[in-house]
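The values are calculated or read from the model by the stated rules, or taken from the named source; none is laboratory data. It should be emphasised that the depicted structure is a prediction, and the values quoted were computed from it without experimental measurement. Don't worry about glycine lacking a Cβ; one is built from the backbone with ideal geometry, like all the others, and counts go over all protein chains shown.
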Amino acid sequence: MRIPPNYQTTITETAVKVFGAGASVWLFGSRLDDAAKGGDVDLLIKLESPTADKAALASRYNALLQMKLGLQKFDVLVIDPSTTLKQIHQQALSKGVRL
C-alpha cells in the first residue's frame, strides 16, 4: 500500500469529522499496488445511515484532505444503506483495504 501511516490517520480522522463516527474508509485502486507509481488516491466512504447530502459531504471531505495532505487528486465515493451499489462500489469493498 502506497499511503504512509500518517496519511492513513489523516484520511480516517477527517472522514469521521466530515461524515460522523459511523463512517468507514476503504482505499482501493492503484495505491494498493506497491510496484506502481503515481496515481490518484481512490477512497470509498461507507456510512451506516442514509445521508441526503453525500455529494456535498464528499466535496467538503476532498477539500479538507487537500488542505491537510497537499494538492493531489483524491477520488471519493460515498455510499450508505440507500445506495444501489454499482460495480465500482462492489470492487472497492471486495478488493480494497479498510483504513
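What number of residues in segment 37-64 are of a type in the set (A, V, I, L, M) and more than 17 Å from Arg98 (Cβ to Cβ)?
Initial filter on segment 37-64 (of a type in the set (A, V, I, L, M)): 41, 43-45, 47, 52, 55-58, 63-64.
From what's left, more than 17 Å from Arg98 (Cβ to Cβ): 52, 55-58, 63-64.
Matching residues across segment 37-64 total 7.
From the set of residues in segment 48-62 that are under 13 Å from Lys17 (Cα atoms) and of a type in the set (A, V, I, L, M, F, W, C), which is farthest from the chain's Cα centre (by Cα)? Before the answer, list the steps.
From segment 48-62, those under 13 Å from Lys17 (Cα atoms) are 57-58, 60-62; that's our starting set.
Add one more test, that the residue is of a type in the set (A, V, I, L, M, F, W, C), and what stays is 57-58.
On the way: Leu57: 12, Ala58: 9 Å.
Top of the filtered list is Leu57.
Could you grab me the full set of residues in segment 1-34 that are part of a strand (DSSP E or B) and among the aromatic types (Phe, Trp, Tyr)?
Answer for segment 1-34, where residues must be part of a strand (DSSP E or B) and among the aromatic types (Phe, Trp, Tyr): Trp26, Phe28.
Quick one: in segment 69-90, of everything that is assigned to a loop (DSSP other than H, G, I, E, B) and of a type in the set (S, T, N, Q), which residue is surrounded by the most Cβ atoms within 10 Å (Cβ to Cβ)? If you could, list the steps in order and put the result at the bottom.
As a first pass, look at segment 69-90 and keep what is assigned to a loop (DSSP other than H, G, I, E, B): 70-73, 80-86.
If we keep only those that are of a type in the set (S, T, N, Q) as well, we get 72, 82-84.
On the way: Gln72: 12, Ser82: 11, Thr83: 15, Thr84: 6.
Only one residue tops the list, namely Thr83.
Suppose we keep only residues that are assigned to a loop (DSSP other than H, G, I, E, B), of a type outside the set (D, E, K, R) and at pLDDT below 95 within segment 35-68. Which one would you say is surrounded by the most Cβ atoms within 10 Å (Cβ to Cβ)? Spell out how you get there, then give the answer.
Taking segment 35-68 first, the residues assigned to a loop (DSSP other than H, G, I, E, B) are 35-40, 47-53.
The next check asks that each one be of a type outside the set (D, E, K, R); those that pass are 35-36, 38-39, 47, 49-52.
Going one step further and asking which of them are at pLDDT below 95, we end up with 35-36, 38-39, 49-52.
Details: Ala35: 5, Ala36: 11, Gly38: 9, Gly39: 15, Ser49: 9, Pro50: 10, Thr51: 20, Ala52: 9.
The extreme case among them is Thr51.
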